Amino acid sequence: MRILVTGGTGFLGGAFLRHARLAGHGLAMLSRRAPGVGLDGVRCLVGSLAEPPLAEIAEFGPEAVLHAAWVATPGVYLDSPENTNWLDWSRAFARRLPGLGVRHLTVLGTCIEYAITGQPLSEAQTPLDPRSPYARAKVALNQALESDLAGTGLGLAWARIFYPYGPGEHPARLASSLLAKLKAGQSIALRTPRSTKDYIHEDDVGRALLKVVEAGWHGPINIGTGTGVTVEELARTLAGLAGHPEAVVTAEEVVADPLDHVVADAARIKSLGWSPQVALVEGLRQLVEARRG
């Protein structure tokens with residue numbers, strides 16, 4: 001299959017490309033890099049989402065597109081005014097795809113589109129309640145594309161990503177930021193120790209997204225493990241691996257986390273033959289090794 005990826009130099013787009021290349025797919029990514037053959041044989045099509053190289057995309061002839069590009073800098077993306085730009089650029093880009101012969105589009109959404117109910121978050125049953133500009137933009141794009149692409153013959157998969165981590169993550173993401181404190185000899189005071197999230201290794205995300213694209217899935221699908229892990233468990237596992245198990249303490253003032261239980265109902269992605277392959281302790285060990293030095 002010929003697959004075009006936006007955001008291929010990013011955290012999750014890059015993970016997808018690694019696994020799609022191993023599976024033997026023909027790959028191209030929209031990029032500002034020099035034209036020609038990119039990393040690991042991935043062809044680079046020079047341009048941006050706002051100004052895509054339509055002639056080059058048509059010449060490549062993608063059958064499927066994975067859209068992973070978006071503003072994603074920790075501490076910035078949730079409230080960034082750029083979310084509106086990405087919504088508009090993404091919608092305009094997707095409208096062009098049927099005319100380029102694309103038959104399937106997978107877009108990365110987010111688990112925080114959902115209302116937080118204290119139960120596993122289900123594509124079919126959990127209502128949406130996006131609270132941030134980021135989540136609202138994602139929901140708006142999904143709804144717009146369902147309308148825009150109706151009757152075009154282009155199938156749309158909406159992949160709601162839970163909490164990815166791994167060696168390729170931004171240093172300000174939770175696991176890496178905790179590890180930086182440990183390396184600096186600082187203690188970690190947990191203010192939301194019981195907050196529970198569905199942490200999924202970047203390689204498991206890449207494999208799951210590949211299953212979605214290969215299956216030509218239509219509709220929303222959670223990309224999560226189905227297993228909840230507390231912040232305290234994550235921090236203590238990291239601290240032990242880093243050789244500083246004593247560094248994790250509970251803060252004097254514990255606060256409520258509005259996103260206190262964000263765990264996927266993973267039945268749909270598992271129905272495609274996927275299951276998580278990287279256990280939390282192994283994934284965190286990889287992160288510790290990648291950050292040594």
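The values are calculated or read from the model by the stated rules, or taken from the named source; none is laboratory data. Predicted, not measured: the structure shown is a model, and the values here were computed from it. Note that each Cβ is placed from the backbone with ideal geometry, even for glycine, and that neighbours are counted across all protein chains shown.
General observations
- Among the numbered conditions (1) assigned to a loop (DSSP other than H, G, I, E, B); (2) touching a residue at least 60 places away in the same chain (Cβ under 8 Å); (3) surrounded by 14 or more Cβ atoms within 10 Å (Cβ to Cβ), the only one that VAL65 does not meet is (1).
- Test result for ASP40, in contact (Cβ under 8 Å) with a residue 12 or more places away in the chain, of a type in the set (Asp, Glu) and over 23 Å from GLN143 (Cβ atoms): yes
- Subset of the range 217-257 [of a type in the set (Gly, Ala, Ser) and farther than 30 Å from GLU146 by Cα]: GLY228, ALA235, ALA239, GLY240, ALA242, GLY243, ALA247, ALA251, ALA256
- Any hit, the range 119-142, residues being of a type outside the set (Gly, Ala, Ser), in a strand (DSSP E or B) and touching a Cys at 6+ places or on another chain (Cβ under 7 Å): yes
- Any hit, the range 102-113, residues being assigned to a helix (DSSP H, G or I) and over 27 Å from ALA20 (Cβ atoms): no
- In this structure, ALA189 does not qualify as in contact (Cβ under 8 Å) with a residue 12 or more places away in the chain and crowded, with 22+ Cβ neighbours inside 10 Å.
- Unmet requirement for LEU156, which otherwise passes all of (1) outside any helix (DSSP H, G or I); (2) outside the structural domain of LEU17 (by TED's automatic domain parsing); (3) modelled with pLDDT of 95 or more: (2)
This table checks each residue for (1) within 27 Å of VAL76 (Cα to Cα); (2) part of a helix (DSSP H, G or I); (3) at pLDDT 95 or above.
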{"position": "PRO167", "(1), (2), (3)": "yes, no, yes"}
{"position": "SER176", "(1), (2), (3)": "yes, yes, yes"}
{"position": "ASP203", "(1), (2), (3)": "yes, yes, yes"}
{"position": "PRO220", "(1), (2), (3)": "yes, no, yes"}
{"position": "LEU272", "(1), (2), (3)": "no, no, yes"}
{"position": "GLN277", "(1), (2), (3)": "no, no, yes"}
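- Test: residue in the range 9-23 that is within 19 Å of the chain's Cα centre (by Cα), farther than 24 Å from VAL139 by Cβ, part of a loop (DSSP other than H, G, I, E, B) and not hydroxyl-bearing (Ser, Thr, Tyr): no
- Among residues of the range 94-138 being surrounded by fewer than 22 Cβ atoms within 10 Å (Cβ to Cβ) and basic (Lys, Arg), the one that is farthest from ILE57 (Cα to Cα) is ARG131.
- Once the range 182-232 is narrowed to residues that are in contact with a strand residue (DSSP E or B) (Cβ under 9 Å, 6 or more places away or on another chain) and acidic (Asp, Glu), the residue that is farthest from THR110 (Cα to Cα) is GLU232.
- Selection of the range 198-225 for residues being crowded, with 19+ Cβ neighbours inside 10 Å and over 15 Å from the mean Cα position of the chain (by Cα) yields only TRP217.
- Meets criteria (surrounded by 18 or more Cβ atoms within 10 Å (Cβ to Cβ), closer than 13 Å to VAL262 by Cα, of a type in the set (S, T, N, Q) and touching a residue at least 40 places away in the same chain (Cβ under 8 Å)) for SER195: yes
- Tallying residues that are surrounded by fewer than 22 Cβ atoms within 10 Å (Cβ to Cβ), modelled with pLDDT of 95 or more and in contact with a strand residue (DSSP E or B) (Cβ under 8 Å, 6 or more places away or on another chain) within the range 14-44 yields 3.
- Looking only at the range 73-93, and only at residues there that are within 17 Å of ALA50 (Cα to Cα) and among the small types (Gly, Ala, Ser), the one that is surrounded by the most Cβ atoms within 10 Å (Cβ to Cβ): SER90
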